[in-house]
Amino acid sequence: MIREKVIWKVFGKKLISYKKLDDGSIVGSGFFNPVVDRFRVITMFIAPAKFYKNYDLGRWRGKRVANTFAPPVGSRAMLRAMKNILRGRILRHARPIAMTFAVTYDCQCNCVHCSAGNHYRTDVPELTTDEAKKLIDESLNLGISVLAFTGGEPLLREDIFDLINHVNKKKAVPIMFTNGQFLTEENVNKLADAGLFCIYVSIDSANPDEHDEFRGMPGHLHSGNHPQGPNGNFHNRLTPLVGLPARSAD
Ligand code: SF4
């Protein structure tokens, strides 16, 4: 049986609608669907905002967060992303939207899935703080609106707060991936002060032994400052769930 969901209808005319076919595939059936498909990257930002209207993921600098990997709704970084996407579509001059910056390949874990560890070499120096800032500036100039700090474990770099602070928040939101072990209260405060938008903490299994085996580190899930650990009760400046936005001080 073919089922149809009508999103937008005017005078009986279906403008945006979707059909679910017997084979499970979903196809657009409304008049404007081809346009929606063409600009689907933009609808990625708008549709979640509508969808999550009743699910307030959080606020960041007063703006509503609808997607933890996209700038908050109505922020200058989001408008910049949309402008760059449109420019890419219309002028055929594509610009990057997001950059992932592995600030170090060093890490205290030894995960089975790790792709960073293969790159770790003690004989090759990491970027200095100034070089890393230059890379951030150049990426912002290219047009990015999301800058993801990752590693290795980014909190092993002492200047990570300085680097996050360096990101011009009118252009891009800084997010960070971490294995969670170094999220001391002091570090959480410093991350929030530096203007981190969102933090992703890896939890591989609800079973601590499975998680630890995956991470190659006995006791990792329940170690001191991991959100699941005894001291890991994030205070109110950072949300203690995977992928939820860090709350800014203001
Ligand atoms: S925590 Fe991340 S960087 Fe560290 S070993 Fe695991 S996957 Fe690799």
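Details
- Taken over segment 92-111, the residue count meeting the criterion of being within 16 Å of the ligand (Cβ to nearest atom), over 20 Å from GLU158 (Cβ atoms) and in contact with a Phe, Trp or Tyr (Cβ under 9 Å, 6 or more places away or on another chain) is 2.
- Flag if HIS93 is exposed (fewer than 10 other Cβ atoms within 10 Å of the Cβ) and touching a helix residue (DSSP H, G or I) at 6+ places or on another chain (Cβ under 8 Å): no
- Among residues of segment 167-191 that are more than 22 Å from SER75 (Cβ to Cβ), those with a Cβ under 7 angstrom from a residue that is of a type in the set (Ser, Thr, Tyr) and modelled with pLDDT under 90, sequence gap 6+ or separate chain, pair up as ASN179/SER202; GLY180/SER202; GLN181/SER223.
- On the stretch given as segment 112-156, residues that are outside any helix (DSSP H, G or I), touching a strand residue (DSSP E or B) at 6+ places or on another chain (Cβ under 9 Å) and within 16 Å of the ligand (Cβ to nearest atom) total 7.
- Positions within segment 97-111 being part of a loop (DSSP other than H, G, I, E, B) and hydroxyl-bearing (Ser, Thr, Tyr), in sequence order: THR104, TYR105
- Residue pairs meeting the criteria (Cβ under 6 Å; at least 6 apart or on separate chains; first within 12 Å of GLY143 (Cα to Cα), in segment 72-87; second in a helix (DSSP H, G or I) and of a type outside the set (Gly, Ala, Ser)): MET82/ILE42; ILE85/VAL41; ILE85/ILE42
- Scanning segment 69-86 for residues that are outside any helix (DSSP H, G or I) and buried (at least 22 other Cβ atoms within 10 Å of the Cβ) returns ALA70, PRO71, PRO72, SER75.
- Of all residues in segment 160-201, those satisfying the criterion of being polar (S, T, N, Q) and surrounded by fewer than 18 Cβ atoms within 10 Å (Cβ to Cβ) are ASN165, ASN168, THR184, ASN187, ASN189.
- Cross-chain or 6+ apart pairs with Cβ under 8 Å, segment 112-132 first and hydroxyl-bearing (Ser, Thr, Tyr), then part of a helix (DSSP H, G or I) and more than 10 Å from the ligand (Cβ to nearest atom): THR129/ASP162; THR129/LEU163
The values are calculated or read from the model by the stated rules, or taken from the named source; none is laboratory data. In this text the structure is predicted, and so the values were computed from the model without any measurement. Ideal geometry is used to build each Cβ from the backbone, glycine not excepted, and the neighbour counts take in all protein chains shown.
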